[in-house]
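This report concerns only the one structure given below.
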Amino acid sequence: MRILFFLILLAKFNTMGAQKNASKDFQVITFEESKKYNIRNMKDHAFPDYNGATSLFIDDNTLFVFPNIDRGSCLIISKNKYEEMIANNSYPVLPENNTPYFLYKDLMNKEGFTKENMIKVLKDIGLDYNEDTFYTDAEKLVKTLSEDEKKKFVVPALYFIGEDLLKLCPEADWSFSKRWYFHPFNEPILAYDDHSFSFYYLNVLLERKLLEDKKMTFKSIYKKVEKYYIKESWFWEKH
């Protein structure tokens with residue numbers, strides 16, 4: 001009787017384990033982990049225009065998928081699940097695009113990246129915008145924010161510090177550069193007809209302060225980016 005009970009219990013656990021494995025549609029692996037796969041011997045599956053990712057067959061039902069970015073995370077995924085992702089653009093958030101740029105991508109375009117929208121975002125997280133005291137008010141505010149709110153605050157901080165930088169180059173306009181990854185999103189830039197200044201450095205500094213708790217002020221962040229802009233202004237500015 002004990003043996004029969006043990007066999008029934010073992011069968012139940014095996015069934016549960018099989019269901020758990022079957023429900024796991026994909027696995028995210030690092031670039032280093034991806035090296036164990038011999039992609040030279042894999043057949044092509046698809047190259048969707050949406051994000052330029054490449055998918056190859058590991059076997060008839062499993063794909064190896066990598067984005068068109070150097071040393072990026074890859075997916076091991078069922079063929080059916082990946083084709084579903086292509087059809088409805090439901091790619092997973094990976095380390096390379098888990099950023100405020102992507103999470104709030106609805107704001108990262110000419111229609112969304114406006115002063116009115118940024119004031120609304122600030123109000124949502126507890127700050128009434130005042131141009132004269134923004135830097136001081138921001139320092140006080142971030143001490144009260146949750147991690148998710150800090151990530152959200154990156155967006156209006158990017159805008160208002162960027163607007164101050166725009167005073168150095170009043171002939172420039174806000175524009176956006178497409179970042180391709182698994183889920184494409186836009187990176188704000190200041191652009192002339194044939195020159196542009198990326199805000200990637202500003203974004204990195206804001207993330208270090210807000211998400212990594214590095215000791216720096218918003219005013220010092222502006223000064224760092226301003227210094228970099230002035231140093232490279234011969235290239236960025238209209239001529």
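The values are calculated or read from the model by the stated rules, or taken from the named source; none is laboratory data. Computed from a prediction, not measured in an experiment: that's the story for all the values here. Every residue, glycine among them, receives a Cβ derived from its backbone with ideal geometry; neighbour counts consider all protein chains shown. Keep in mind that these areas ignore ligands, DNA and RNA; they rest on the heavy atoms of the full protein, side chains included. Shrake-Rupley method; radii C 1.70, N 1.55, O 1.52, S 1.80 Å.
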In whole Hz, the Karplus estimates of ³J(HN,Hα) for the stretch 71-85 (6.51, -1.76, 1.60; θ = phi - 60°; x where Gly or Pro) are 6, x, 5, 10, 10, 10, 8, 5, 4, 5, 5, 5, 5, 5, 4
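Would you mind classifying the stretch 129-198 by shape? Square roots of the alpha carbon gyration tensor eigenvalues, ordered a ≥ b ≥ c; an a/c under 1.5 is rounded, otherwise it is prolate if a/b is larger than b/c and oblate if not. Mind dumping the intermediate values first?
On the way: a/c = 4.34, a/b = 1.31, b/c = 3.32.
The shape class here is oblate.
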Of the listed links Lys151/Lys231; Lys140/Lys231; Lys152/Lys214; Lys81/Lys151; Lys123/Lys227; Lys35/Lys152, those spanning more than 27 angstrom between alpha carbons are Lys151/Lys231; Lys140/Lys231; Lys81/Lys151; Lys123/Lys227; Lys35/Lys152
On a 0 to 90 degree scale, rounded to 10, what angle separates helix 200-210 from the longest Cα axis of the chain? 80
Given charges at beta-carbon only (K, R positive; D, E negative), |dipole| of the chain in Debye: 1100
For the chain, which span is the longest to avoid every loop-located (per DSSP) member of GluC sites (Glu not before Pro) having at most 10 other Cβ atoms inside 10 Å? 1-110
If you bin every alpha carbon distance in the chain into 5 Å steps from zero, what whole percent lands in each bin? 1, 5, 11, 13, 13, 12, 10, 10, 8, 6, 4, 2, 2, 1, 1, 0, 0, 0
What are the ³J(HN,Hα) values, in whole Hz, obtained from phi via the Karplus relation 6.51 cos²θ - 1.76 cosθ + 1.60 with θ = phi - 60°, for each residue of the stretch 149-162 in sequence order, with x given for Gly and Pro? 5, 5, 5, 5, 5, 3, 5, x, 4, 4, 5, 6, 5, x
Residues with amide H under 5 Å of Ile58's amide H, sequence separation 5 or more or different chain, H placed in the peptide plane at 1.01 Å from N; which? Leu63, Phe64
Low-density loop trypsin sites (Lys or Arg not before Pro), the stretch 155-239, at most 12 other Cβ within 10 Å, DSSP non-H/G/I/E/B, are Lys167, Lys214, Lys215, Lys238
For helix 218-231, report the angle its Cα long axis makes with the longest principal axis of the Cα atoms of the chain; keep it between 0 and 90° and round to the nearest 10°. 80
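Count neighbours as other Cβ atoms within 10 Å of each site's Cβ, and list the trypsin sites (Lys or Arg not before Pro) in the stretch 61-104 that are DSSP loop with at most 15 such neighbours. The partial results should precede the final answer.
Details: sites: Arg71, Lys79, Lys81; in loops: Arg71.
Passing both the DSSP loop test and the Cβ count: Arg71.
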Of Tyr37, Trp174, Ile161, farthest towards positive along the dipole that unit charges on Lys, Arg, Asp, Glu beta carbons give the chain: Tyr37
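Among Thr62, Thr217, what's the order by accessible area (1.4 angstrom probe), most exposed first? Intermediate values should be presented prior to the final figure.
Details: Thr62 35, Thr217 65 Å².
Most to least solvent-accessible, the answer reads Thr217, Thr62.
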